[in-house]
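No value in this document is a laboratory result; all are computed from the given coordinates. Given the structure is predicted, the values throughout are model-derived calculations rather than measurements. Glycine gets a Cβ as well: all are built from the backbone with ideal geometry, and neighbour counts include every protein chain shown.
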Amino acid sequence: MSSERPVRVAIIGARGIGRVHARIFQALGANVCAVVGSSAESAADASSFLAESYGIDARAFSRMEDIPRHDVDAVSICTPGHLHFTHALAAFDRAWSVFCEKPLFWQDPISAREIGARLAQLRAHPARRLFINTSNASFIDAVRAELPDPRDVESFSFHFHTRGRFTGAAIGVDLLPHAISLLLRALGTRTIADVRSDVSADAYRCWFRYGGAMVDFDLRQREGGPRALGFGVGPRQYVRRQEGSMETYKVFLETAGTSRRCEVRDPFEVYIERFLRYCSSGPRDREDEFEEGAANLLLMAQLLGGGIG
């Protein structure tokens, strides 16, 4: 598309995280022109909320198929994971670029064969333009100059404690894409071995070898519980801190064991801005981020293991 006008974006699933997508897209100069809800009522409610809260004038639809094809350039998919595949394909068929919430797709149970078939179908689509919101990987980019050579890294850790609603293995489905995105960004693609996991009502933890590095993922969710995010690459340990909310939201990385603290851009903004640049670039001068999303999904499937039928 031409960069002379704002990218026109439809939010598919405009409640919850979809509201955050809409706010950031609009703040970064996009035109959030449509919202799709699971019903006409929920879509209308979402449209009213966006108008009252952010001044966004978005038409309400109960089906993505009802949006006029030439009224939209891109969609932001914020529906549950079992709907991502269908919505992404429908968007590609309309030549719309896709920014999709993590994971790329998922349902429980899902077979390795089905995962492979779906990935092959997405990969081969002639109009595929896909980005996945695994935005926390940008923390690795922010400290890249301080990190050891990936070939020398012997350990990697990531902890993410949220107030989400999931329990047991479902915590892994929800949070593993974040953990894996940092691992892939820091160390690249490697083989995994010796996977172990410990699953309880409010925690999913796993350990495994990733090439020559030992990896530890500590993921927890509990309503009203503490919030925390941090990661370690070899001897370097970092903790994310947040201040403010909404438009005053700020993100910092602290180096563990020191007084060093640096402000970094909100990872969400980094990823959406990158997607919008891609949408506005006219003739494609680079690939989309499908392969990164596929690698994330495949590693998640290997780690969850028992959730694959």
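3J(HN,Hα) couplings calculated from phi for the stretch 259-272 with the Karplus curve 6.51 cos²θ - 1.76 cosθ + 1.60 (θ = phi - 60°) are, in sequence order, 9, 6, 9, 10, 7, 10, 5, 4, x, 4, 5, 4, 6, 5 Hz; Gly and Pro show x. Springs join every pair of Cα atoms under 10 Å in this Gaussian network model of the chain, and among Gly164, Gly18, Gly37 the largest mean-square fluctuation is at Gly164. Here the residues Leu219, Leu303, Leu176, ranked from fewest to most Cβ neighbours within 10 Å of their Cβ, fall in the order Leu303, Leu219, Leu176. As a rough footprinting exposure proxy, the listed residues Tyr54, Tyr271 were ranked by other beta carbons within 10 Å of their own, and the order from fewest upward is Tyr54, Tyr271. Ordered by the number of other Cβ atoms lying within 10 Å of each residue's own Cβ, fewest first, Asp218, Asp266 fall into the sequence Asp266, Asp218.
Considering the stretch 77-170 at the alpha-carbon level, its Rg and Dmax are found to be 16.7, 45 Å. Seen through its C-alpha gyration tensor, with square-root eigenvalues sorted a ≥ b ≥ c, the stretch 228-277 comes out oblate because a/c lies at 1.5 or above while a/b is not bigger than b/c.
Mind jotting down the distance between the C-alpha centroids of the stretch 212-280 and the stretch 93-115, whole Å? Using only Cα atoms to place each centre, the spacing works out to 25 Å. Of the residues Gly188, Gly81, Gly224, the one that moves most in a GNM of the chain with alpha-carbon contacts below 10 Å is Gly224. DSSP beta bridges fully contained in the stretch 154-309 are about 80 percent antiparallel. With a cut-off of 9 Å between beta carbons, the residues surrounding Ala127 carry a summed charge of +2, where Lys and Arg count +1 and Asp and Glu -1.
Note on the chain: GNM, Cα springs under 10 Å; of Ile77, Ile56, Ile110, the largest mean-square fluctuation is that of Ile110.
Among beta bridges from DSSP that stay inside the chain, the antiparallel ones total about 55%.
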